Amino acid sequence: MQKIGVCGNGLMGSGIAQVAATSGYDVVVLEADQAALDRGMKRIRQSLDKFVEKGALQAAQRDEALAKLRPTTQLEDLKASDLVIEAIVENMPAKKDLFQRLDALLAPHAIICSNTSSLCVIEMAAVTKRPKQIAGLHFFNPVPIMKLVEVVKTIVTSQATIDTLFAVAAKLGKKPILAQDTPGFIVNRLLVPYLLYAIRMYESGLASKEDIDEGMKLGCGHPMGPLTLLDFVGLDTTYFIAEIMFDEFKDPLMAPPPLLKRMVLAGQHGRKSGKGFYDYEKA
């Protein structure tokens with residue numbers, strides 16, 4: 001593994017590209033249009049500058065990382081990649097279309113991974129001629145800070161592919177854990193029901209949002225309470241994942257609460273929209 005391609009230069013894609021470049025990989029970053037590509041590159045530069053300001057990175061290391069990044073809007077520029085990580089919109093038809101095109105483009109040895117947090121990886125693998133070299137590689141936000149990565153094994157992913165991805169994750173400075181290809185994998189399978197139940201508590205009037213959050217912070221040592229975390233993750237993202245998990249398992253704990261649905265419909269998605277369980281427009 002010498003060259004890594006990243007498809008998508010949004011919040012997750014840009015973070016993955018940044019970590020790969022600072023770890024010494026040559027990275028091609030693909031985005032659908034130039035404006036989105038430029039926004040992602042700006043985000044990477046700002047993030048690297050912050051690491052330099054904090055003394056976590058030398059200025060020369062920042063410059064070396066930026067030199068290893070090649071932004072593009074042309075899929076063909078990924079052709080020489082040994083590993084491609086997909087981090088586009090959470091939409092299965094879009095991902096399957098991309099996987100088909102990557103499969104036709106890349107060398108036979110190349111591995112293709114999805115950063116999906118909830119969708120079925122084998123469904124993406126099924127449209128390719130290299131299903132044994134398809135897996136999930138699920139990073140956590142913010143990627144440059146969070147140490148965990150879930151390596152997701154489908155029922156046909158080869159052990160050689162898993163071993164390679166564990167080695168790549170380690171070189172990226174991440175701690176890899178092995179997850180099976182089921183909705184939510186490990187972390188979201190545990191986290192989402194907890195977040196949804198916190199919404200139900202608030203929705204039922206059992207406690208204020210502030211007390212729910214303080215209870216989990218001070219009582220369980222969590223860095224932030226569940227409703228604050230929901231605002232950080234995105235209520236729309238959580239709703240989307242919950243629907244997929246409920247559809248698969250039919251577990252009532254995974255069903256999106258009515259309040260969550262209404263907040264999403266109202267455009268109250270959390271920090272990114274300026275309002276969720278808390279108001280960020282005044283901050």
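Quick notes on this one:
- Across segment 63-95, the qualifying residues are those that are over 17 Å from the mean Cα position of the chain (by Cα) and more than 18 Å from Ile4 (Cα to Cα), and the one among them that is surrounded by the most Cβ atoms within 10 Å (Cβ to Cβ) is Asp63.
- Leu37 meets each of the listed conditions (1) farther than 21 Å from Gly173 by Cβ; (2) outside any loop (DSSP other than H, G, I, E, B); (3) over 22 Å from the mean Cα position of the chain (by Cα) apart from (3).
- A Cβ distance below 8 Å, combined with a sequence gap of six or more or placement on separate chains, defines the contacts here; from segment 196-211, residues that are within 15 Å of Leu229 (Cβ to Cβ) and in the same structural domain as His222 (by TED's automatic domain parsing) reach residues that are among the charged types (D, E, K, R) and at pLDDT 95 or above in the pairs Tyr202/Lys209.
- Among residues that are in contact with a helix residue (DSSP H, G or I) (Cβ under 8 Å, 6 or more places away or on another chain) and either of a type in the set (S, T, N, Q) or modelled with pLDDT of 95 or more (or both), Ala169 is not included.
- Screening segment 80-104 for residues that are of a type in the set (Gly, Ala, Ser) and outside any helix (DSSP H, G or I) and picking the one that is farthest from Arg130 (Cα to Cα) gives Ala87.
- Within segment 1-29, being of a type outside the set (Val, Ile, Thr), out of contact with any Leu (no Cβ under 6 Å at 6 or more places or on another chain) and assigned to a strand (DSSP E or B) holds for Lys3, Asp26.
- Note on segment 6-18: among residues that are within 10 Å of Ser47 (Cβ to Cβ) and more than 10 Å from the chain's Cα centre (by Cα), the one that is surrounded by the fewest Cβ atoms within 10 Å (Cβ to Cβ) is Gln18.
- Of the criteria (1) assigned by TED's automatic domain parsing to the domain that holds Met146; (2) at pLDDT below 95, which one Glu248 fails: (1)
- Lone qualifier among Asp38, Asp33 - being acidic (Asp, Glu) and in contact with a Pro (Cβ under 9 Å, 6 or more places away or on another chain): Asp38
- Members of segment 230-245 found to be in contact with a His (Cβ under 6 Å, 6 or more places away or on another chain) and over 21 Å from Thr182 (Cα atoms), listed by number: Gly234, Leu235
- Residue identified as more than 30 Å from Lys95 (Cβ to Cβ) and of a type in the set (Lys, Arg) among Lys68, Lys42, Lys79, Lys54: Lys54
- Of residues in segment 250-283 being part of a strand (DSSP E or B) and in contact with an Asp or Glu (Cβ under 7 Å, 6 or more places away or on another chain), the one nearest to Thr237 (Cα to Cα): Gly270
The values are calculated or read from the model by the stated rules, or taken from the named source; none is laboratory data. Predicted, not measured: the structure shown is a model, and the values here were computed from it. Note: ideal-geometry Cβ built from the backbone for every residue, glycine included; neighbour counts use all protein chains shown.
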